[in-house]
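One structure follows; several queries about it will come next.
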Amino acid sequence: MAAGLDPPRSVVTHSHWLMESQKMSKSKGNVVDPFDRIQRYSADGLRYFLLKHGVLETDGDYSDEKVLKVLNADLAGNIGGLLNRCLATSLNPTQTFPAFSVDMFPVHRRSRSLATEDDYRLLKTLQDLPGLVDQHYENFHIYKVLEETMLCVKQANGFVQRHKPWKLGNTPQDQQWASTILHVAMETLRVSGILLQPVMPTLMSRLLGRLGIKETERLWSNAEDVPCLEGRGAGYVGRSLGTDAGVLFQRLQKEN
């Protein structure tokens, strides 16, 4: 007020953090050095865990075992695993963003379409995700942002596993369908990567760069625009992928 600024109309505070269900105490020595954990899990990894388990309504419970389980499942396994599948040279030999075929995956389901009901549910989830996530950000329910986004990525993993593009043949139809499968999976990663930038800016920058998405194409409006949902072509189709071929998030090992 002395500075002539209006006081805040609301204050958001998180609950306490426990250490393996006990209050942290210097006398007990059950404290966590955040700088040490950043070195171990990366800043993005630690932030992801804290925002996923640090809800506003109840105390958070920290343990290194929980961190390993969450980061290995969500970042190394769910997002990293899907990215690895999509960018494998055996499936994507040209290392470009693959095309989507409306003949293989029509906007409106047809009886002879190769796409299943579960596949259309994935597209509906992807379409609704930005609006849903936006509401959760506005309400400071960051854990719900992460839950909804990871659920969508899991659906995309199931989509790829269900259709097994690595088992398709070399006919034009098979190649079109394989390209379409990879396109949908990579669109899921693109949208998810944009939406998760506030939580993991460094990691999501690497993800989007690996997909060949330019920095000017990483706005919220870009996440809301999924051309294949309307049967349109995307400007990044055919674009070369990024050159960073390293593992997105290295699977963590338990320290002795």
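The values are calculated or read from the model by the stated rules, or taken from the named source; none is laboratory data. None of these values were measured; they are calculated from a predicted model. Methodologically, a virtual Cβ is constructed for each residue, glycine included, from the backbone with ideal geometry; neighbour enumeration extends over all protein chains shown. The area values use the complete protein model at the heavy-atom level, side chains included, leaving out ligands, DNA and RNA. Shrake-Rupley method; radii C 1.70, N 1.55, O 1.52, S 1.80 Å.
For the stretch 1-75, state which GluC sites (Glu not before Pro) are in a DSSP loop and have at most 14 other beta carbons lying within 10 Å of their beta carbon. Don't jump to the answer; show the numbers that get you there.
Numbers: sites: E20, E57, E65; in loops: E20, E57.
Answer in residue order: E20, E57.
Under 25 Å from the Cα of K254, which lysines turn up, not counting those fewer than eight places away in the same chain?
Here the lysines satisfying the reach criterion relative to K254 are K23, K26, K28, K52, K66, K69, K154.
Hey, got a sec? Which GluC sites (Glu not before Pro) in the stretch 203-256 land in a DSSP loop and have at most 14 other Cβ atoms within 10 Å? Each step should come with its number before you reach the end.
Working: sites: E215, E217, E224, E230, E255; in loops: E255.
Loop-located and lightly packed - E255.
Additional query: Pick out, in residue order, every one of the chymotrypsin sites (Phe, Trp or Tyr not before Pro) in the stretch 157-194 that is DSSP loop and has at most 11 other C-beta atoms within 10 Å; say none if there are none. Display every interim value, and only then the final one.
Details: sites: F159, W166, W177; in loops: none.
Here no chymotrypsin sites (Phe, Trp or Tyr not before Pro) fit, given the DSSP loop and packing criteria.
Over the chain, what is the mean sequence separation of C-alpha contacts under 8 Å (at least six apart), divided by residue count, expressed as relative contact order in percent? Could the numbers behind the result be given before it?
Values: 289 pairs, mean separation 64.5, N = 256.
Contact order relative to length: 25 percent.
Scaled to the compact-protein estimate 2.2 N^0.38 Å, what is the alpha-carbon radius of gyration of the chain, rounded to two decimal places? Mind showing how you got there, number by number?
Values: Rg = 20.6 Å, N = 256, 2.2 N^0.38 = 18.1 Å.
My calculation over the Cα atoms of the chain gives 1.14.
Quick check: residue separation of H16 and Q39 times 0.36 nm, minus the Cα distance between them. What number comes out in nm? Show your work: numbers first, answer last.
Working: separation 23, 0.36 × 23 = 8.28 nm, distance 2.32 nm.
Using 0.36 nm per residue and subtracting the Cα-Cα distance, I get 6.0 nm.
Report the residues of the stretch 190-219 in range of a label on T89: point 7 Å along Cα→C-beta, backbone N strictly under 20 Å from it.
Label zone hits: 210-212.
Under a point spin-label approximation (7 Å from Cα along Cα-to-Cβ), what is the E255-D134 distance to one decimal in nm?
Reported label-point gap for E255 and D134 is 4.2 nm.
In Å, what Kirkwood hydrodynamic radius results for the stretch 1-55 from the alpha-carbon pair distances? Before the final figure, lay out the partial values.
Numbers: mean 1/r = 0.0711 Å⁻¹.
Taking the inverse mean of 1/r over all distinct Cα pairs, the stretch 1-55 comes out at 14.1 Å.
Work out, step by step, the length gained on full extension between Q175 and H108: first 0.36 nm times the residue separation, then minus their alpha carbon distance; give nm to one decimal.
Values: separation 67, 0.36 × 67 = 24.12 nm, distance 2.14 nm.
Between Q175 and H108, full extension yields 22.0 nm more.
For D61, list long-range residues whose amide hydrogen, built 1.01 Å from N in the peptide plane, is under 5 Å from its own amide hydrogen.
HN-HN under 5 Å from D61: L18.
Ordered by residue, what ³J(HN,Hα) values in Hz, to whole numbers, does the stretch 189-198 give under the Karplus form 6.51 cos²θ - 1.76 cosθ + 1.60, where θ = phi - 60° and Gly and Pro are x?
Computed from phi, the couplings for the stretch 189-198 are 5, 4, 4, 4, x, 5, 5, 8, 4, x Hz.
Can you give me the accessible area per residue for the chain, using a 1.4 Å probe, in Å²? Present the calculation step by step, with values, prior to reporting the outcome.
Working: 14150 Å² over 256 residues.
The answer is 55 Å² per residue.
Among L5, S42, S21, flag the residue with its Cα farthest along the positive direction of the charge dipole of the stretch 1-67, charges on Cβ as +1 for Lys/Arg and -1 for Asp/Glu.
Result: L5, furthest along the dipole toward the positive end.
I've got another one for you. Taking the highest mean first, how do the peptides 8-18, 186-196 order by number of other beta carbon atoms within 10 angstrom per residue? Show your work: numbers first, answer last.
On the way: 8-18: 9.5, 186-196: 24.7.
Highest to lowest by the protection proxy: 186-196, 8-18.
I'd like to know which of V199, V226, N78 lies farthest towards the positive end of the charge dipole of the chain, counting +1 on Cβ of Lys and Arg and -1 on Cβ of Asp and Glu.
Going by the Cα projections, it comes out as N78.
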